[in-house]
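Report on the structure given below.
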Amino acid sequence: MATQYYFLISSLPLLRFGVTPFLSSARFLELVAEQAGQALAEQLAAVSLAPEEPGRFAAERFWYGMETHIRNYLLRARSQKTTQVDRWRRPEKDVFPSLDHQLHKALGAPNPLERERQLDAIRWELLDEPLIGENFSVDALVVYRLRLLIAEKWQAFSSDQGREVLNALVDQAREEARRVRTLVEP
C-alpha cells in the first residue's frame, strides 16, 4: 500500500483559484520536509508548471501530459497561418478531447490577461482528475504544489509593477526613436 499523508494534507490550508494562498511554496516544502522527509520535499520542489519528462509521480505525469496538450493547442491556434508549426510541437502521449472546447472558449477572452486567467482556471480544475481516490497520497501533495505554483504566479502580478514595466518600455521606445531620428536627420 502506498504511503498516505493524512495529517500533513489535512493540515494544509485550502487553496482556491484567484485567492491569495495562506502558505508560500517555501513554507509548504518546509512542512513536507518536517512531516514526510527531506527527500520528498526535494522531489516536490522539482515539480514545475513547465512540462518535463518523465514525471516521478502519477499526478505529475498527468500534469505534464495535459500541459503539453494545452501548449500544443495554443501553438496551433496562434500560428494558423504558419506552416512550420510541427517543429515546435511536443509529442503527446495522452488524449484530452473535451479540453479543446474549453481552450477554444478561453482564447475568445477579451484581453490577454483574462485569457491567461481562464487558461489557468482550466488547468486548476483539471487537477482534480488525478486526485480521484488519492486524496491523501503523494499525488495530492503534487497537486497541492502545482496549485500553489499557479496561485503564486497570479500573486506576482501587480498593476503598479505592470505600469512600471510599460513606462520603461515606452521610455526605451522614445529613446530609440530619438536615436534613429538623429541618425537620419541631415
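Here is a list: 17, 57, 28, 22. Which entry is of a type in the set (Phe, Trp, Tyr), closer than 18 Å to residue 120 by Cα and assigned by TED's automatic domain parsing to the domain that holds residue 136?
Numbers: 57 fails: closer than 18 Å to residue 120 by Cα; 28 fails: closer than 18 Å to residue 120 by Cα; 22 fails: closer than 18 Å to residue 120 by Cα.
Result of the check over 17, 57, 28, 22: 17.
Looking only at segment 147-175, which residues are without any contact (Cβ under 8 Å) to a residue 60 or more places away in the chain and of a type in the set (Val, Ile, Thr)?
Keep residues of segment 147-175 that are without any contact (Cβ under 8 Å) to a residue 60 or more places away in the chain, which gives 156-175.
Result: 165, 170.
Among the residues of segment 132-147, is there at least one that is more than 19 Å from residue 56 (Cβ to Cβ) and assigned to a helix (DSSP H, G or I)?
no
If you take the residues in segment 25-48 that are within 16 Å of the chain's Cα centre (by Cα) and surrounded by 13 or more Cβ atoms within 10 Å (Cβ to Cβ), which one is farthest from residue 139 (Cα to Cα)? Quick ask: steps written out before the conclusion?
Of segment 25-48, the ones within 16 Å of the chain's Cα centre (by Cα) are 25, 44-48.
If we keep only those that are surrounded by 13 or more Cβ atoms within 10 Å (Cβ to Cβ) as well, we get 25, 44-45, 47-48.
On the way: 25: 16, 44: 10, 45: 14, 47: 11, 48: 14 Å.
Step by step, filter segment 25-48, then rank; the result is 25.
Give me the helices (runs of 4 or more DSSP H) completely within segment 1-93, filtered to those with at least 1 residues that are at pLDDT 85 or above and basic (Lys, Arg), ordered by residue number. Spell out how you get there, then give the answer.
Values: elements: 6-11, 25-36, 38-45, 58-78.
Those helices (runs of 4 or more DSSP H) span 25-36, 58-78.
The values are calculated or read from the model by the stated rules, or taken from the named source; none is laboratory data. These numbers come from a predicted model, not from an experiment. Note: ideal-geometry Cβ built from the backbone for every residue, glycine included; neighbour counts use all protein chains shown.
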